[in-house]
Structures are given as structure tokens and as C-alpha cells.
Amino acid sequence: MATKIFVNLPVKDLNRSVDFFSKLGYSFNPQFSDENAKSMVISEDIIVMLLTEPFFKNFTKKDIIDAGKSTETIISLSADSRAEVDEKLDKAVAAGATMPNETIEMEGMYGRSFDDLDGHHWEYMFMDLSAINQEQPAAETSAA
């Protein structure tokens, strides 16, 4: 069985966040959603729980950071093509996201990022494995 990942994100306005991510094409599982939390399905194995800030606070004794001012994580998702990266970012910006960084273009990699309505940092990356140098450096050995 594949390991599933559940990312929990605090949001200021749950309905506004649901509307934003719906515009990016994501669906929500009503079985695990209520007025405090919405279960956003990224894939079969990746779920993002959007939690109202007061509800999120029930799970931690730490302060909730202002994601518009500080970054604790970057949520990076794979894309099947450069076109998919551009499509996702265009939808995000049209839905109100901001773009904090320039496009990433390296050997075999193409990526773009956005900050959602609460300032959480997301990125979509396409990796063309056929264009990436497949040679691995030889392992170094050292005498102990």
C-alpha cells in the first residue's frame, strides 16, 4: 500500500480557499469536510486539509505563522508537462494567487510557483528525465 500524505494548512477564510482551489481544478471529499475543515484531493495519495485557523490551533501549541510574511514549507507538486505547469499557474493567478519567484528553468526541469490566498507557497515542477544527465558520480571512499 502506498504511503499517503495529509498536508494540514491553516486558512483565514475556508470558503474563499475552497473557491480558489476549485478554480485550479481540485475537488473536495465531503466525507471528511465540515464547517471547520475541507478535504482537498490532490491525488489518491495526497490530501490537503484546509483548516480554519481556530480549528488548526487545536492540533498545535505553537503559534500559527503568517504565511504572507514567513515561509515554513514549499508544497511542490509534479506536472506531466511544461504546458501543465503553465496551465496550473495561469489558473492560480486568475483566481487571485501571487507569483513570488521567477520561472525555474534548468537542465530537464521547468517550474513555476505561487502563493495562495493565505500566503502558502506552492510550486508545480515538470522534470524531463530524458534530458537530465543520468550519470551518477562514483561513490567516494575514505580511510577511517
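Values quoted throughout were computed directly from the atomic coordinates according to the rules given, and no laboratory measurement underlies them. Every value quoted in this text rests on a predicted model; they were computed, and no experiment measured them. Cβ atoms come from the backbone with ideal geometry, glycine included; neighbour counts cover every protein chain shown.
Applying the condition of being among the acidic types (Asp, Glu) and surrounded by 14 or more Cβ atoms within 10 Å (Cβ to Cβ) to the stretch 91-122 and asking which residue is nearest to ASP13 (Cα to Cα) yields ASP118. Among the residues making up the stretch 42-54, a single one is closer than 24 Å to ASP66 by Cα and free of Cβ contacts under 8 Å to residues at least 24 places away in the same chain: PRO54.
Which residues, counting only those in the stretch 36-90, are assigned to a helix (DSSP H, G or I), under 24 Å from GLY108 (Cβ atoms) and of a type in the set (D, E, K, R)? Spell out how you get there, then give the answer.
Of the stretch 36-90, the ones assigned to a helix (DSSP H, G or I) are 53-59, 82-90.
Now restrict to residues that are under 24 Å from GLY108 (Cβ atoms): 82-90.
Scanning the stretch 36-90 gives ARG82, GLU84, ASP86, GLU87, LYS88, ASP90.
Restricting attention to the stretch 24-52, which residues are among the charged types (D, E, K, R) and either surrounded by 15 or more Cβ atoms within 10 Å (Cβ to Cβ) or farther than 16 Å from LEU14 by Cα (or both)? Don't jump to the end; show me each part of the working.
Keep residues of the stretch 24-52 that are among the charged types (D, E, K, R), which gives 34-35, 38, 44-45.
LYS38, GLU44, ASP45 - these are the residues of the stretch 24-52 that are among the charged types (D, E, K, R) and either surrounded by 15 or more Cβ atoms within 10 Å (Cβ to Cβ) or farther than 16 Å from LEU14 by Cα (or both).
Of the residues making up the stretch 12-23, those that are surrounded by fewer than 17 Cβ atoms within 10 Å (Cβ to Cβ), more than 18 Å from PHE55 (Cα to Cα) and out of contact with any strand residue (DSSP E or B) (no Cβ under 8 Å at 6 or more places or on another chain) number 2.
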